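Worksheet: the structure to be examined is printed underneath.
The values are calculated or read from the model by the stated rules, or taken from the named source; none is laboratory data. Please read all numbers here as calculations on a predicted model, not as lab measurements. Don't worry about glycine lacking a Cβ; one is built from the backbone with ideal geometry, like all the others, and counts go over all protein chains shown.
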Amino acid sequence: MANRDHLVLLRQGVNDWNCWRTDNPTIMPDLSGADLSLINLRGVNLNNTDLCEANLSETDLLEADLKAAQLIQANLMGADLLDANLMAANLMNSNLRHVDLSRANLLNANLHGADLTKANLSHAELSGADLSKAVLIDTYLGRVNLIKANLCEADLSKAHLCGTHFIQANLVRANLSETDLSEDNFNGADLKGANLTKAHLIGAHLSRACLQNACLRGAVLKGTDLTKADLRGADLTQADLKGANLIGANLSQAKLDGADLTDAKLRDAIIPMDIRHSLQE
């Protein structure tokens, strides 16, 4: 339940609210469960504020300061969070469908189980963020920084990615089926058991990535960098690996039925004996 005085003060306007925050830096505002939908809160100072289960749908939060704010199960559907600061904010199980988070700072934010369907996160900073079990279906993630982020069991199916950095990210059992991951950087990422069925990984960087038991059936990996990648037990049935760099990769027990390895670089690679024999014929 929101503090009535805090709610009245916020409704007086952003300027009055921000002045009060400056004069009272030790007070942590309580706006939990408040209906703040459809209002203009541009540039508002809501850092360290309790907004759990608050309704912020279609609210204008452009350049808002939400650093370390508590937004557990909050409704932010359709909100404008362009250039907002959500560093270390707790957005666990929140509704972020259709939200504009372009250029937002979500460094180390908790987005576990959050619904980001069709959200726009272009150029957002998500390094170290927890996106485990988050829903990112049809989400725009162009030029997003996800270095060392936790995306375990996240659903990124049909997400739009271009120039995205997943370096050393945790993507264990993540769903990336039918996703265009061309040119994206997964160097050192953990993709054990991930679903990459029919994913497009043309020119992607997967050096030293772990793809143990990952499903890459029908995936397009033309010219992909898989140097020293761990592909043990991976399913590469009907995968297109033309010109892929598999130098030093481990493909033991991998399924390669119908895979196209034309012009692939296989020096020092560990591959099933029957596949090696067929390549030598």
Report summary line: Of (1) buried (at least 21 other Cβ atoms within 10 Å of the Cβ); (2) over 18 Å from the mean Cα position of the chain (by Cα), SER252 satisfies every one except (1)
Query raised in the report: Restricting attention to the stretch 12-52, and to residues there that are charged (D, E, K, R) and more than 20 Å from GLN70 (Cβ to Cβ), which single residue is surrounded by the fewest Cβ atoms within 10 Å (Cβ to Cβ)?
Result: ASP23
Query raised in the report: Any idea which residue in the stretch 260-281 is modelled with the lowest pLDDT, counting only those that are assigned to a helix (DSSP H, G or I) and of a type in the set (A, V, I, L, M, F, W, C)?
Result: LEU279
Query raised in the report: Does the stretch 92-109 contain at least one residue that is surrounded by fewer than 24 Cβ atoms within 10 Å (Cβ to Cβ), outside any strand (DSSP E or B) and β-branched (Val, Ile, Thr)?
Result: no
Report task. Evaluate the following for THR224: is it under 17 Å from ALA249 (Cβ atoms) and among the polar types (S, T, N, Q)? Result -> yes
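Each row is one residue, and each column tells you yes or no for (1) closer than 20 Å to LEU216 by Cα; (2) of a type outside the set (Val, Ile, Thr); (3) in contact with a strand residue (DSSP E or B) (Cβ under 7 Å, 6 or more places away or on another chain).
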| residue | (1), (2), (3) |
| --- | --- |
| LEU91 | no, yes, yes |
| VAL99 | no, no, no |
| ARG103 | no, yes, no |
| ASP138 | yes, yes, no |
| ARG143 | no, yes, no |
| ILE147 | no, no, yes |
| PHE166 | yes, yes, yes |
| ARG173 | yes, yes, no |
| GLU178 | yes, yes, no |
Report summary line: When every residue in the stretch 1-10 that is within 34 Å of the chain's Cα centre (by Cα) and part of a helix (DSSP H, G or I) is compared, the one surrounded by the fewest Cβ atoms within 10 Å (Cβ to Cβ) is LEU7
**Report entry** Residue within the stretch 19-39 that is out of contact with any Cys (no Cβ under 7 Å at 6 or more places or on another chain), in a loop (DSSP other than H, G, I, E, B) and within 17 Å of ALA104 (Cβ to Cβ) present
**Finding:** no
Query - Cross-chain or 6+ apart pairs with Cβ under 6 Å, the stretch 122-151 first and within 16 Å of PHE186 (Cα to Cα) and in contact (Cβ under 8 Å) with a residue 24 or more places away in the chain, then surrounded by fewer than 19 Cβ atoms within 10 Å (Cβ to Cβ) and hydrophobic (A, V, I, L, M, F, W, C) - result: none
